[in-house]
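Values in this text are rule-based calculations from the coordinates and carry no lab data. As the structure is a prediction and not an experimental result, all values here were calculated from the model. Heads up, the Cβs are rebuilt from the backbone with ideal geometry, glycines too, and the neighbour counts pull from every protein chain shown.
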């Protein structure tokens with residue numbers, strides 16, 4: 001801790017030795033003024049530039065060669081110029097641009113980056129816009145990260161079709177997923193929930209590496225993923241998306257937004273999909289992907305008043321899937337190994353905000369969420385039933401201390417969770433896991449914006465009715481080394497209560513017996529890391545190099561040990577060490593106009609104590625390479641996108657083969673995954689066609705002892721690669737904008 005304190009004061013001292021200018025830009029029409037987002041700030045002689053952020057604020061590093069002329073401009077306003085001298089270092093400016101008197105309409109078309117690392121934020125936040133999501137099919141959230149290198153997606157087993165995300169090599173349960181800052185896809189949704197969020201609903205995704213803000217809760221341990229759903233006041237008047245693929249998947253999406261008056265707006269988002277094909281390309285007698293149906297619906301309302309604003313709505317879905325051996329459709333075929341999953345979800349959400357008339361930088365916001373979830377699953381002769389009732393309230397007070405360089409947030413939160421989980425099997429010695437959790441908490445966060453150094457200090461104190469007090473401190477820092485170079489540092493603590501049944505439900509697709517002779521405790525971890533963001537010119541165009549390195553150390557963790565007992569799975573609290581080291585480098589540049597390239601390479605060193613010794617996490621590639629190519633024609637009629645990911649070797653768990661011998665293959669193969677898509681844009685219509693797994697790579701013998709699924713050696717969880725071959729898809733989008 002002394003090192004962190006020393007680093008902070010050292011950077012504060014260094015901060016004073018650099019020259020930087022800050023300012024805020026307003027636009028005025030003669031009667032009122034408002035902050036301008038995206039105003040251009042430019043030094044004529046030194047050719048340095050920046051733009052104002054969403055608060056109308058800009059920062060600029062002044063060069064040694066002064067004086068210079070600062071030009072401030074924005075479309076529709078009269079530009080202004082200021083002579084900047086050496087005496088203007090460390091000064092804050094307030095600049096007002098006055099509106100022009102226009103005789104005709106001026107239309108400005110700008111091409112925004114679909115993928116970016118936010119340089120304005122103190123935290124390490126990566127933003128994926130709706131344009132980035134359209135580079136792939138993105139039928140649901142689980143397919144929305146195919147063109148992203150930071151978030152990995154893996155298939156959990158060969159029979160259920162369930163997918164999970166990973167960040168920094170850690171399971172998705174350690175990444176807090178939110179829908180517009182409301183905790184989402186947790187509890188009973190942790191294993192199958194990714195398929196429940198339609199991709200056509202998502203406006204953007206923000207990926208935060210490391211522990212997030214304390215305002216968002218205590219469960220962010222490896223990262224945070226926030227989903228922004230289309231807003232009624234901004235979404236299309238009408239949007240339709242139709243999709244089909246070679247495996248028999250059909251999908252229909254419908255969105256509609258309406259502005260009722262100056263204050264009220266509403267939006268409807270609907271989704272329906274079905275999987276018709278009974279696909280068995282590897283001829284092992286099991287479906288490669290389950291069949292079934294999914295229906296989802298959301299209705300949301302927005303109200304914007306002068307002193308009060310609110311958003312509220314309802315979100316629900318029904319998901320029904322069945323898989324397993326070909327020919328299995330229901331319990332009426334008892335001699336076949338079948339997999340059935342039925343999920344039902346409904347939640348009510350609301351946000352309210354109160355502004356103070358005489359204090360524009362102070363406000364109170366309250367977030368509410370109430371959820372009811374049921375899950376019924378069947379894996380052969382193993383059954384799972386779960387019911388979850390959840391309530392969440394988060395009240396936040398925002399304010400400043402003196403000026404906007406010193407901001408703070410403080411508030412109270414309450415989490416209520418009533419969860420029932422029950423397994424029924426003659427092979428399991430774990431039968432029931434019911435509990436009621438009540439977690440009140442208090443938090444505080446202070447943000448300091450300096451000329452060079454920005455920092456966010458936060459801490460929260462929560463009381464769990466079963467496990468007592470939990471204290472979570474967090475620190476985030478950003479240091480602007482030069483105009484084109486940012487350094488970031490983060491350290492913080494996160495914790496969560498594991499749900500060993502639902503978090504690992506895919507492990508029911510094996511004959512192994514589950515064991516646990518301990519009272520499972522909360523998982524607690526510390527995350528420390530940082531990043532470097534460097535911008536420069538290459539081929540005369542903007543290029544970005546990002547280097548990330550993070551270390552996660554677990555104080556306690558639920559260990560899923562598949563090594564200690566050959567025909568069993570042991571759930572236990574951590575005995576020894578468990579950690580994750582993650583290194584990633586990403587390089588983005590434009591080879592020529594409208595042709596963007598992203599290259600990434602990642603190393604994951606994730607080890608825990610298995611079988612009494614430190615070993616690499618199973619089914620996790622240590623090395624990954626990533627290439628994304630995107631080209632858009634000059635007339636904006638055609639878009640071409642291609643992504644190639646190369647997966648390195650993974651350590652495999654031991655397994656007993658059908659002949660009784662033990663597997664001798666300890667590592668997986670190296671394999672590529674190539675996806676591509678072509679989109680044609682014609683007025684309001686988008687027509688797209690694409691392909692996935694274009695190399696047709698498939699894991700051989702994905703299921704062990706597939707001929708005897710009810711036997712003692714059956715195992716469908718040893719999955720490290722794709723089990724389906726080439727998938728060709730096509731679709732169309734129609735958007736009628738407001």
Plugging the Cβ-Cβ distance of residue 385 and residue 280 into 1/(1 + (r/R0)^6) at R0 = 30 Å yields, to the nearest 0.05, a FRET efficiency of 0.55
Placing each pseudo-label 7 Å from Cα in the direction of the beta carbon, residue 623 and residue 44 end up separated by a distance in nanometres of 5.4 nm
note: region 619-738, Cα-Cα separations exceeding 20 Å make up a percent value of 59 percent
Taking only C-alpha positions in the chain, Rg and Dmax in angstrom work out to 26.6, 85
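Between residue 683 and residue 71, what FRET efficiency follows from the Cβ-Cβ distance if R0 is 35 Å, with the result rounded to 0.05?
On the way: r = 37 Å, r/R0 = 1.06.
E(calc), rounded to 0.05, equals 0.40.
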Packing-ranked peptide list from 77-85, 345-353, highest mean Cβ count within 10 angstrom first, is 345-353, 77-85
Protection proxy (average C-beta count within 10 Å per residue), highest first, orders 248-256, 536-544 as 248-256, 536-544
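What Kirkwood hydrodynamic radius do you get for region 187-317 when you take the inverse of the mean 1/r over all pairs of distinct Cα atoms, in Å?
Values: mean 1/r = 0.0571 Å⁻¹.
About 17.5 Å, per the Kirkwood formula over Cα pairs.
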Region 532-571 scanned against label point 7 Å out from residue 485 along Cα→C-beta; backbone N under 18 Å for 532-538, 543-549
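Out of the DSSP beta bridges found with both residues in region 115-736, what percent are antiparallel (nearest 5)? Walk me through the numbers on the way to the answer.
On the way: 298 of 307 bridges.
Rounded to the nearest five, the antiparallel share is 95 percent.
Using r as the Cβ-Cβ distance of residue 583 and residue 467, and R0 as 41 Å, what FRET efficiency do you calculate, to the nearest 0.05? Could you put the intermediate results ahead of the total?
Numbers: r = 33 Å, r/R0 = 0.81.
E between residue 583 and residue 467, to the nearest 0.05, is 0.80.
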Note on region 20-98: C-alpha Rg/Rh, Kirkwood Rh, two decimals, gives 0.96
For the pair residue 573 and residue 701, the simple spin-label estimate (label points 7 Å beyond Cα toward Cβ) gives in nm 4.0 nm
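Quick one, what does Rg over Rh come out to for region 670-738 if you take C-alpha atoms and the Kirkwood Rh?
Values: Rg = 19.0 Å, Rh = 15.2 Å.
Expressed as Rg/Rh, it is 1.26.
What shape does region 538-587 have by the C-alpha gyration tensor, where a ≥ b ≥ c are the square roots of the eigenvalues, rounded means a/c under 1.5, and otherwise prolate means a/b greater than b/c and oblate the rest?
On the way: a/c = 6.40, a/b = 3.04, b/c = 2.11.
Judged from the Cα gyration tensor, region 538-587 comes out prolate (a/c at least 1.5, a/b above b/c).
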Shape call for region 553-685, from the Cα gyration tensor axes a ≥ b ≥ c (a/c under 1.5 means rounded, otherwise prolate when a/b beats b/c, else oblate), comes out prolate
Helix 2-15 sits off the longest principal axis of the Cα atoms of the chain, rounded to the nearest 10 on a 0 to 90 degree scale, by 30 degrees
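Compute the Rg to Rh ratio over region 248-303 from the alpha carbon atoms, using the Kirkwood formula for Rh, and round to two decimal places.
Details: Rg = 18.4 Å, Rh = 14.0 Å.
Checking Rg against Rh, the ratio lands at 1.32.
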Percent of all Cα-Cα pairs per 10 Å bin for region 337-444, counting from 0 up to the last occupied bin, reads 12, 28, 23, 17, 12, 7, 1
